Amino acid sequence: QLRRPRALATLDAALRSMKCTRTELEDSVREQKGRRGIVHVRELLKYADGRAESAMESEARLVMIDYGLPTPELQYEIQGPDKTWRVDFAWPDQRVAAEYESVEWHAGRAEMLRDKERFGGIQEVAWTVIPIVVDDVRLRPWRLAERIGYHLARGQIAI
């Protein structure tokens with residue numbers, strides 16, 4: 001009975017917890033046949049991914065899915081000359097990454113400086129970083145999809 005975005009986040013979290021497997025989730029969905037909302041869960045199950053580290057990452061990924069964007073790599077490592085950065089979403093062939101930025105995790109002077117240094121380093125190895133915030137996901141998903149699509153197309157031309 002959860003909204004689709006939260007349902008995907010719940011499936012992702014279940015897999016991430018390692019307390020159940022994909023097969024066990026599939027069996028559970030099958031056992032719930034006929035229950036209200038189970039059709040939506042069944043449709044979302046194929047997208048469930050235990051690599052998602054937060055509910056908002058799951059919700060952002062659902063926007064990408066719903067708007068037909070290519071499937072990103074999750075928790076992808078970008079290698080710099082002397083450092084490795086992990087990003088929430090990546091399209092390595094286009095050298096495009098996206099990062100969900102929560103107010104809680106990315107607010108404050110030290111956090112801002114850390115993020116700017118990190119994004120600068122990733123850009124120095126020729127990657128584009130797309131920041132994502134809650135309003136992008138919940139209020140303007142079409143705009144988020146357009147922005148990601150633009151950078152993916154631009155990255156394809158550059159290669």
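The values are calculated or read from the model by the stated rules, or taken from the named source; none is laboratory data. On a predicted model such as this, the values are computed, not experimentally measured, just so you know. In this analysis, Cβ positions are derived from the backbone assuming ideal geometry, glycine residues included, and neighbour counts consider all displayed protein chains. Protein only, heavy atoms only, side chains kept; ligands, DNA and RNA dropped before computing areas. Shrake-Rupley method; radii C 1.70, N 1.55, O 1.52, S 1.80 Å.
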Test of understanding: what is the full-extension gain from D135 to K116, defined as 0.36 nm times their sequence separation minus their Cα-Cα distance?
4.8 nm
Helix 55-66 versus the longest principal axis of the chain: what is the Cα-based angle in degrees, 0 to 90, to the nearest 10?
90
Built amide H within the under 5 Å cut-off of Q94, gap 5+:
none
Can you give the accessible area of S17 in Å² (nearest 10), computed on protein heavy atoms with a 1.4 Å probe?
60
Tally up the carbon and sulfur contribution to the accessible surface of region 1-63 as a whole percent, 1.4 Å probe, everything protein left in place.
51
Let me know the Rg and Dmax you get for region 47-124 when you use only its Cα atoms, in Å.
13.2, 37
Which whole-Hz couplings ³J(HN,Hα) result when phi for each residue of region 144-149 is put into the Karplus expression 6.51 cos²θ - 1.76 cosθ + 1.60, θ = phi - 60°, listed in order with x for Gly and Pro?
4, 4, 4, 5, 5, x
With 24 Å as the cut-off, how large is the P(r) tail for the chain, expressed as percent of Cα-Cα pairs?
39
Give the peptides 127-133, 146-152, 55-61 in descending order of average Cβ contacts within 10 Å, highest first.
55-61, 127-133, 146-152
Tell me the net charge near E43. Cut-off is 13 Å between Cβ atoms, E43 excluded, with +1 for each Lys or Arg and -1 for each Asp or Glu.
+1
Percent of beta bridges antiparallel (DSSP, region 42-159, rounded to nearest 5):
65
With a 1.4 Å probe and every protein chain left in place, work out the accessible area per residue of region 54-153 in Å², rounded to a whole number.
53
Could you tell me which of rounded, prolate or oblate describes region 77-159, using a ≥ b ≥ c as the square roots of the eigenvalues of the alpha-carbon gyration tensor, with rounded for a/c under 1.5 and, failing that, prolate when a/b is larger than b/c and oblate otherwise?
oblate
Rounded tilt (10° steps) of 109-124 against the dominant C-alpha axis of the chain:
80
